[in-house]
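**Student:** One structure, as structure tokens, below. Some questions next.
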Amino acid sequence: MQDGKHDNLTSAEISQLWGTYMGDSSQVCILSYFLNVVEDQEIKTIIEDACNSAQLHVLKIKDMFSEEGQAIPHGYKIAEDVDTSAPRLYSDSLILEYLHQFGRIGLRTHSINLSLATRKDCTEFFKQCLTDADRLYEKAKDLQITKGIYCKSPLIKTSQEVDYIKHQNFLAGFFGVKRPLTAPEITSLYANFQRNSLGSGILIGFSQVGKANDVIKYFTRAKEIGEKHCEIFNSYLKEYNFLDPIFWDSQVTENTQHVFSDKLLMFVVSTLTAASMGFYGLALGTSFRRDLGTVYNRFLLEIQLLAEDGANIMIENGWLESPPKVG
């Protein structure tokens, strides 16, 4: 058919729909819990919108896979993976930052999904997902600004003239006089600090409510890596007297009661780890100082090893659901 409605789903479409189903089914669990513990009504309204969007995405993918004869993923379910009546684990401010950062991740993820879609219904679906991610990001950002807790990127002096690079020492960074950081380099350092700071705060909570010893040890290790990366990012920013970004470790309660299943927690950490690899790769491509390139390459290796060990834990426990494959 010319409109593509009866074309089979391509491998790219199946993979991106499958990934979206897994991600949104996990977010339904987490957001449903947040709805029961958040106190700020404005934040609660954003959570409700995000949760409704994620639920609609899951239902739409179920319909598309059913029509295609494609197995519907098991994913994550409220009855299995979360106790929505559990005590508060995070402050309202941290929950709002969680919404803000996952809105950013959604913008990046669904723009890629949209670029890979061919069939008309898939294209329209990922357009809607992108619209939903944009709405979540904007609402969370605007509310943070209103509350005075939004972390803006550092300010730099306005350039009055166009400048061209004339010497190869622009690439230097280990010895001698280091050139000032460029705006793209500052942007990457600051944004990666923000993500790691939030991730470290989230992992403190996860390590408190995790059950299995190997899972708790893994969360502690991941938290320590995130904190170390934050320290190094912040050391670069401090050279130019930029204001210290926010650390979220103080926004975690002392709750140790069960909230989420270890299976769900490991999936969330694997999602954050995968996002870190993508953002570090992007930073590597826009950072020309050799010392920064070395830092991002080292961090990427650390994150890859962390991701592999996490996958092994999930495989050993029967938690790692396989994406669709040939045959």
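The values are calculated or read from the model by the stated rules, or taken from the named source; none is laboratory data. Since this is a predicted model, take the numbers as computed values, not measurements. Here Cβ is always computed from backbone atoms with ideal geometry, including for glycine, and neighbour counts include all displayed protein chains. These accessible areas exclude ligands, DNA and RNA; they are computed on the full protein's heavy atoms, side chains included. Shrake-Rupley method; radii C 1.70, N 1.55, O 1.52, S 1.80 Å.
**Student:** Check whether at least one residue in region 294-302 is within 17 Å of the chain's Cα centre (by Cα), surrounded by 15 or more Cβ atoms within 10 Å (Cβ to Cβ), part of a helix (DSSP H, G or I) and not basic (Lys, Arg), and report yes or no.
**Tutor:** Looking for residues that are within 17 Å of the chain's Cα centre (by Cα), surrounded by 15 or more Cβ atoms within 10 Å (Cβ to Cβ), part of a helix (DSSP H, G or I) and not basic (Lys, Arg), one finds at least one in region 294-302, hence yes.
**Student:** A further question follows. Between a first residue in region 221-239 that is touching a residue at least 12 places away in the same chain (Cβ under 8 Å) and a second residue that is buried (at least 18 other Cβ atoms within 10 Å of the Cβ) and of a type in the set (S, T, N, Q), which pairs have beta carbons less than 6 Å apart while being 6 or more apart in sequence or on different chains?
**Tutor:** Taking only residues 6 or more apart or on different chains, the pairs are LYS223/SER200; GLY226/ASN196; GLY226/SER200; GLU227/SER200; HIS229/ASN196; CYS230/ASN196; CYS230/SER197; PHE233/ASN192.
Residue by residue, here is whether (1) farther than 17 Å from CYS151 by Cβ; (2) in a helix (DSSP H, G or I) holds:
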position: LEU96; (1), (2): no, yes
position: LEU99; (1), (2): no, yes
position: THR109; (1), (2): yes, yes
position: ASN113; (1), (2): yes, yes
position: THR118; (1), (2): yes, no
position: GLU124; (1), (2): yes, yes
position: LYS127; (1), (2): yes, yes
position: ASP134; (1), (2): yes, yes
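**Student:** Can you spot a residue in region 270-288 that is touching a Leu at 6+ places or on another chain (Cβ under 7 Å), more than 24 Å from ALA12 (Cα to Cα) and assigned to a helix (DSSP H, G or I)?
**Tutor:** no
**Student:** Still on this structure, I have one more. List the residue pairs whose Cβ atoms are under 8 Å apart, where the first residue sits in region 93-108 and is within 17 Å of GLN41 (Cβ to Cβ) and open to solvent by 10 Å² or more (accessible area, probe 1.4 Å), the second is part of a helix (DSSP H, G or I) and not charged (D, E, K, R), and the two are 6 or more positions apart or on different chains.
**Tutor:** From region 93-108, the pairs are SER93/GLN251.
**Student:** Which residue pairs have Cβ atoms under 9 Å apart, sit 6 or more places apart or on different chains, and have a first residue in region 66-81 that is farther than 11 Å from VAL28 by Cα and outside any loop (DSSP other than H, G, I, E, B) and a second that is open to solvent by 60 Å² or more (accessible area, probe 1.4 Å) and modelled with pLDDT under 95?
**Tutor:** GLU68/ASN8
**Student:** Now, a different point. Pairs only if they're at least six apart or on different chains, beta carbon under 7 angstrom, first in region 8-34 and in contact (Cβ under 8 Å) with a residue 12 or more places away in the chain and surrounded by fewer than 21 Cβ atoms within 10 Å (Cβ to Cβ), second β-branched (Val, Ile, Thr) and in a helix (DSSP H, G or I); list them, first residue then second.
**Tutor:** From residues that are in contact (Cβ under 8 Å) with a residue 12 or more places away in the chain and surrounded by fewer than 21 Cβ atoms within 10 Å (Cβ to Cβ), the pairs are SER32/ILE78.
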